[in-house]
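Take a look at the structure set out below.
The values are calculated or read from the model by the stated rules, or taken from the named source; none is laboratory data. The structure displayed is predicted, hence computed values, not measured ones. Reconstructed Cβ throughout: ideal geometry from the backbone, glycine too, with neighbour counts over all protein chains shown. Ligands, DNA and RNA are stripped out before the accessible areas are found, and what is left, the full protein with its side chains, is counted by its heavy atoms. Shrake-Rupley method; radii C 1.70, N 1.55, O 1.52, S 1.80 Å.
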Amino acid sequence: MPFPPPPRTLAGPRRRSLLVSAAGAALLAGCSSGADDSGTTGGSESAAEHARARAAADSETLLRHYDTVLAAHPTLAPRLDPLRAEVVRHTTAFGGSGATPSATATASPSATASSTSSSTAAPATEDDALAGLAAAERSLADRRAKALLDLPGELARLLASVAAAGAAHAYLLTESAK
């Protein structure tokens, strides 16, 4: 004997499904705030802008360090150019210009070296130059990792990503050439 069909077939979602969906939407809306998604909060807007400007300036300083090393040791260009290009991207992501000329371009080494503010000359040996760049990358990555704890959402995520990239750069700079 076959089972009889249900008395009425429902065409749409059930009431329980709608309630669960509404509750889930309310929880998601409560977990994220509009101010956090924009990268600033009402009270810390100036702190976030200050942190962004500081990160751009730090990236520009690191970029000048790369240019100084490349001017003194042009044979390192194949190894350093991809890392330098990433530093340019980091600079522009924080709102900096990233327009420092490449050391491998037509600029003279003395003009490039005079534009640096952190150091006057690159180390004499390539190994020392790479170690210096690695130390600068590592130091900056550590400072950024500490600073991101006080920043709002999107800026903190950007700073964390760039800090991780800096740590990877430090590793690549200290890895022996193969």
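The set of residues from segment 152-171 being open to solvent by 30 Å² or more (accessible area, probe 1.4 Å) and in contact with a Leu (Cβ under 7 Å, 6 or more places away or on another chain) comprises just one member, ALA160. Pairs under 7 Å by beta carbon, first residue farther than 13 Å from SER161 by Cα and in a loop (DSSP other than H, G, I, E, B) in segment 85-96, partner open to solvent by 40 Å² or more (accessible area, probe 1.4 Å) and charged (D, E, K, R), six or more apart or different chains? Qualifying pairs under 7 Å: GLY95/ARG52; GLY96/GLU60. Of all the listed residues (ALA129, ALA141, ALA135), the sole one being modelled with pLDDT of 90 or more and in contact with a Pro (Cβ under 6 Å, 6 or more places away or on another chain) is ALA129. Checked against (1) surrounded by fewer than 18 Cβ atoms within 10 Å (Cβ to Cβ); (2) at pLDDT below 70, SER102 meets all criteria but (1).
Scanning segment 31-74 for residues that are polar (S, T, N, Q), modelled with pLDDT of 50 or more and part of a helix (DSSP H, G or I) turns up SER46, SER59, THR61, THR68.
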